[in-house]
Amino acid sequence: YSRAGVLLFQLAVFPLCVFLFLEANVKVVLFGKLRLYNTIDFCVLTFFYSYVLQSLLKLVFSQAQRESSSSLHPYHVASTLLLVFQMGRVLHCSTDAIHSYATEIKDYRKDIPQDLMELIYFLDEDLGHWIIFSSYFLLLSLLTACYPIGYHVKDGIPSPLLPAASGLVMGGTHAVAVIESSHWWIGVLGSCCMLAGCWLRRSTSARNPLLHFSASASLSLVICLILYKIAVGSFQQPSELGGVLHVAK
């Protein structure tokens, strides 16, 4: 398998494993202040995404491209999207920790002004998720569209199985994520965005693991959204139904 295929596998599978672990320990609180969920989300996944996405950027863009002085060069756009993605994660993780402390670990809802609670909720559930998902899907689309055409000419054509399977996992995971965020429509827009990147690089489909990944992720995301809607009858958050593991049963 290609280096890109391995990175995409890590990008899809590791967050899923962390998510399932946290889902099984959702009520664990550290030091009486922070949920285990918030701690690992911020301290582990933030650095994981930084490492994997930076590695993909170095793989897709050559040294000369990374040193380009043009601020509109795709590499600089991709780097900016990665920065925005991490900023969104920091915003979401921080406000989610405050929100969960004020409403779950403690119950200060009667003591905190309503408009302040609404602001915390907006930063946590709305703005944070808008920034995270939009920048992430745009970044994947851009990397797919910019993957070098002749990258695997010397090494032969890599198997599409690993990136395609990784995309299926990623799509399913993010279907649950966008539903839990109450913004399922972002998943639909994200799928369209990734498919646009695939269309721009359709002539290199046999040699582009990112195309296999993005295409299967897009289809998986939409299909999982449809199946969830059929099974549950709405896009009600899994946490309101007892958690993802409970819904799966």
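No value in this document is a laboratory result; all are computed from the given coordinates. These figures come from a predicted structure and were not determined experimentally. Ideal geometry is used to build each Cβ from the backbone, glycine not excepted, and the neighbour counts take in all protein chains shown.
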* About the Cα centre of region 1-120, how large is the charge dipole given +1 on each Lys and Arg Cβ and -1 on each Asp and Glu Cβ? Please answer in debye to the nearest 20. => 320 debye
* Global form of region 80-173, assessed from the alpha-carbon gyration tensor, a/c cut-off 1.5 -> prolate
* To do: Please label the shape of region 28-70 as rounded, prolate or oblate, based on the square roots a ≥ b ≥ c of the eigenvalues of the alpha-carbon gyration tensor (a/c under 1.5 means rounded; beyond that, a/b larger than b/c means prolate, else oblate).
  => prolate
* Normalising by the residue count of the chain, find the relative contact order in percent from Cα pairs under 8 Å and 6+ residues apart. => 23 percent
* When Lys and Arg each count +1 and Asp and Glu each count -1, what net charge do the other residues less than 10 Å away from residue 35, Cβ to Cβ, add up to? -> -1
* To do: Tell me the chymotrypsin sites (Phe, Trp or Tyr not before Pro) within region 1-50 that lie in a loop according to DSSP and have at most 16 other beta-carbon atoms within 10 Å.
  => 1, 31
* Asked: To the nearest 20 debye, what is the magnitude of the charge dipole of the chain about its Cα centre, counting +1 on the Cβ of each Lys and Arg and -1 on the Cβ of each Asp and Glu?
  -> 840 debye
* Going highest first, how would you order 95-107, 76-88 by mean Cβ packing within 10 Å? -> 76-88, 95-107
* Structure fact -> For log10 I(q)/I(0) by the Debye sum over Cα atoms at q = 0.09, 0.14, 0.17 Å⁻¹ the list reads [x] -0.52, -1.05, -1.28; [y] -0.42, -0.96, -1.33; [z] -0.36, -0.91, -1.38; the calculated value is entry [y]
* Per-residue Cβ neighbour rank within 10 angstrom, fewest leading, 201, 3 -> 3, 201
* Structure fact -> Expressed in nanometres to one decimal, the distance between label points 7 Å along Cα→Cβ at residue 70 and residue 94 is 3.5 nm
* 5 angstrom amide H check on residue 159, placed H, neighbours 5+ away -> 2
* Structure fact -> For region 50-194, the charge dipole (Cβ of Lys, Arg +1; Cβ of Asp, Glu -1; about the Cα centre) points to a positive end, and the Cα of 86, 52, 146 closest to that extreme belongs to 146
* Structure fact -> Binned at 10 Å from zero, the C-alpha pair distances of region 1-136 give percents of 11, 33, 31, 16, 8, 1
* Asked: When the chain is modelled as a GNM with alpha-carbon springs shorter than 10 Å, which of 92, 73, 212 fluctuates the most?
  -> 73
* Asked: How would you rank 89, 202, going from fewest to most other Cβ atoms within 10 Å of each one's own Cβ?
  -> 202, 89
* Is the shape of region 155-215 best called rounded, prolate or oblate, per the rule: a/c under 1.5 gives rounded, else a/b larger than b/c gives prolate, else oblate, with a ≥ b ≥ c the square roots of the Cα gyration tensor eigenvalues? -> oblate
